[in-house]
Amino acid sequence: MNEAPPPAIDVLVAAARIAPHATVTPVLRSRTLDELAGARLAFKAEHLQRSGAFKFRGACNAVWALSAEQAGAGVVTHSSGNHGAALALAALTRGIACHVVVPEGAVAAKLANIERHGATLWRCAASIAAREQLCAQVQADTGATLVHPYADPRVIAGQGTAALELLHAEGPFDVLVVPVGGGGLAAGTALALQHAAPQTRLVLAEPAGAADTARSLQAGERRIEFVPDTICDGLRGTLGAPNFEVLRAAKAEVIVVDDAATVQAMRLLWQVLKQVVEPSSAIALGAVLAQPQRFAGLRVGLVLSGGNVDIDALPWGTA
């Protein structure tokens with residue numbers, strides 16, 4: 001998908017468009033986690049967003065931006081879970097059809113979310129190529145509008161509304177930390193900062209087993225040939241082209257986090273903050289705790305991106 005990135009003003013437009021449908025999620029704080037990090041942390045609780053993840057914002061913006069004629073044919077996407085569930089729910093708010101192509105091995109809790117909102121599931125092999133091929137076939141057969149999980153400019157703008165809310169509620173911040181996979185949230189956050197807080201640094205938390213954003217930004221071009229190997233199932237996608245352009249222009253920094261550090265951060269968020277978040281969300285705290293010298297004494301905003309956890313597959317066992 002070779003869409004141009006949206007302008008920063010589109011984040012404001014998206015905020016107004018999704019206001020009747022999206023939840024204004026709370027901002028959480030913990031003195032214990034502040035002491036551990038040596039910084040002042042503010043967590044934007046997007047795991048409490050509708051459908052259990054920030055992705056409802058972008059999906060909702062995309063669905064309600066459609067013309068009546070486009071909406072009549074429904075929407076289609078491919079997704080490992082959270083975007084598919086978000087698009088299904090967004091389509092439900094407008095009363096239109098939704099088709100979601102899902103790869104083998106997707107988290108059961110996320111598939112249940114998609115089905116709960118009435119979408120039609122289409123299953124395929126786990127590769128990105130297989131997902132895109134089946135998605136194109138469903139689109140051709142149904143006439144549905146493609147809503148890409150992270151490279152669609154309407155999705156990018158919608159995802160940026162989480163950071164916009166955080167800035168307005170608790171800013172200013174020295175740094176914002178968000179997870180990065182395909183780059184929808186990361187690019188949307190960069191646009192929100194460009195508009196509302198250009199002095200705030202953007203730091204991206206990326207799993208070591210899917211570190212294409214770190215490689216791409218270092219090389220100055222997209223380096224997306226890799227086989228993901230990470231517990232962060234929501235961050236296994238390849239960095240989108242428009243997302244890369246936004247992040248490069250924003251001079252975004254990347255901290256690569258191994259899965260063990262992510263799991264430890266997830267335990268802390270469950271035990272200390274008393275919040276059920278998924279690994280793809282906990283990685284933001286994992287990044288801060290992995291390199292505390294970069295955040296010492298600073299005001300740090302973190303987006304807890306989602307909470308759709310497969311309880312039966314928790315990494316620390318069932319005991």
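The values are calculated or read from the model by the stated rules, or taken from the named source; none is laboratory data. Since the structure is predicted, the reported quantities are computational estimates derived from the model, not experimental observations. Every residue, glycine among them, receives a Cβ derived from its backbone with ideal geometry; neighbour counts consider all protein chains shown. Surface areas here come from the heavy atoms of the whole protein model, side chains and all, with no ligands, DNA or RNA. Shrake-Rupley method; radii C 1.70, N 1.55, O 1.52, S 1.80 Å.
A few remarks follow.
- Zone residues, the stretch 284-309, relative to residue 272, backbone N less than 19 Å from point 7 Å out along Cα-to-Cβ: 284-306
- The stretch 79-92 - phi-based ³J(HN,Hα) in whole Hz, Karplus 6.51/-1.76/1.60, Gly and Pro as x: 6, 7, x, 5, 5, x, 5, 5, 5, 4, 5, 4, 5, 5
- Spatial separation of Cα centroids for the stretch 1-60 and the stretch 254-312, in angstrom: 15
- Per residue solvent-accessible surface (Å²) - the chain, probe of 1.4 Å: 39
- Among (i) 1.08; (ii) 1.01; (iii) 0.91, the entry that matches Cα Rg over 2.2 N^0.38 Å as calculated here: (iii)
- Within the chain, the longest run free of exposed loop sites, counting GluC sites (Glu not before Pro) that sit outside DSSP helix and strand states (H, G, I, E, B) and have at most 13 other Cβ atoms within 10 Å, spans 105-220.
- A cut-off under 12 angstrom between Cβ atoms defines the neighbours of residue 153, and their net charge, with Lys, Arg +1 and Asp, Glu -1, is -3.
- Across the chain, the longest run free of exposed loop sites, meaning chymotrypsin sites (Phe, Trp or Tyr not before Pro) lying outside DSSP classes H, G, I, E and B with no more than 16 other Cβ atoms within 10 Å, spans 1-225.
- Inter-part distance where the stretch 76-121 and the stretch 131-192 are each reduced to a Cα centre, Å: 16
- Taken over the alpha carbons of the stretch 46-163 as equal point scatterers, the Debye sum produces base-10 log I(q)/I(0) values at 0.09, 0.10 Å⁻¹ of -0.19, -0.24.
- A simple spin-label model places the labels of residue 221 and residue 296 3.9 nm from each other, with each point 7 Å out along Cα-to-Cβ.
- Global geometry of the stretch 1-58, whether rounded, prolate or oblate, following the gyration tensor of its Cα atoms and the 1.5 cut on a/c: prolate
- Value of [θ]222 nm, deg cm²/dmol, for the chain, DSSP H segments ≥ 4, -39500 (n - 2.57) each, nearest 500: -13500 deg cm²/dmol
- Within the accessible area of the chain (1.4 Å probe), percent carbon and sulfur: 51
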